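**Student:** Sharing a structure, written as structure tokens. Questions coming.
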Amino acid sequence: MMANSWKTVPEICADYGIKDKTFYAWADDCRSYPEYRDAIICPTGKRTFIDEDKWQAFLRFMSEKRRKKLLDPHLREEE
């Protein structure tokens with residue numbers, strides 16, 4: 001792990017128990033939200049780094065979005 005909380009794709013995949021394909025699908029989704037876009041750092045075409053703090057914030061956001069989607073419609077309106 002790097003000193004600045006950045007990780008590589010293989011490190012993220014190993015730490016979070018996901019496959020490369022899943023990571024890249026989530027990363028594409030992450031890039032679609034301006035507030036999380038900078039979690040994925042691509043200085044070259046061959047290197048990708050992930051700011052883990054921002055990545056975790058994105059995962060929490062996705063979890064909350066999914067939770068709200070699964071709520072009964074009448075409960076969604078109350079939040």
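Each value in this text was obtained by applying a stated rule to the coordinates, not by laboratory testing. Just so it is clear, the structure is predicted and the values come from calculations on it, not from any experiment. Glycine also receives a Cβ, built like all others from the backbone with ideal geometry; neighbour counts cover every protein chain displayed.
**Student:** Taking the Cβ-Cβ separation of GLU64 and CYS42 as r and a Förster radius of 22 Å, what is the calculated FRET efficiency to the nearest 0.05?
**Tutor:** Values: r = 26 Å, r/R0 = 1.20.
According to the calculation, E is roughly 0.25.
**Student:** Before anything else, pin down the relative contact order of the chain: Cα pairs under 8 Å, at least 6 apart, normalised by residue count, whole percent.
**Tutor:** Details: 61 pairs, mean separation 20.6, N = 79.
Taking the mean separation of contacting Cα pairs over the length of the chain, I get 26 percent.
**Student:** Moving on to the next point. Going by the alpha-carbon gyration tensor, a ≥ b ≥ c the square roots of its eigenvalues, is the range 30-74 rounded (a/c under 1.5) or, if a/c is not under 1.5, prolate (a/b greater than b/c) versus oblate?
**Tutor:** Working: a/c = 3.76, a/b = 3.01, b/c = 1.25.
Prolate, since a/c reaches 1.5 and a/b exceeds b/c.
**Student:** Can I get the semi-axes of the chain's equivalent ellipsoid? Compute them from the C-alpha gyration tensor as square roots of 5 times the eigenvalues, in angstrom, largest first. List each step's numbers first, then the result.
**Tutor:** Values: eigenvalues 154, 31, 26 Å².
One finds semi-axes of 28, 13, 11 Å for the chain.
**Student:** For the range 6-78, give the magnitude of the charge dipole about the Cα centre (Cβ charges: +1 Lys/Arg, -1 Asp/Glu; no others), in debye to the nearest 20. Spell out each step's value before the answer.
**Tutor:** On the way: 15 positive and 14 negative charges, 50 e Å.
Roughly 240 debye, rounded to the nearest 20.
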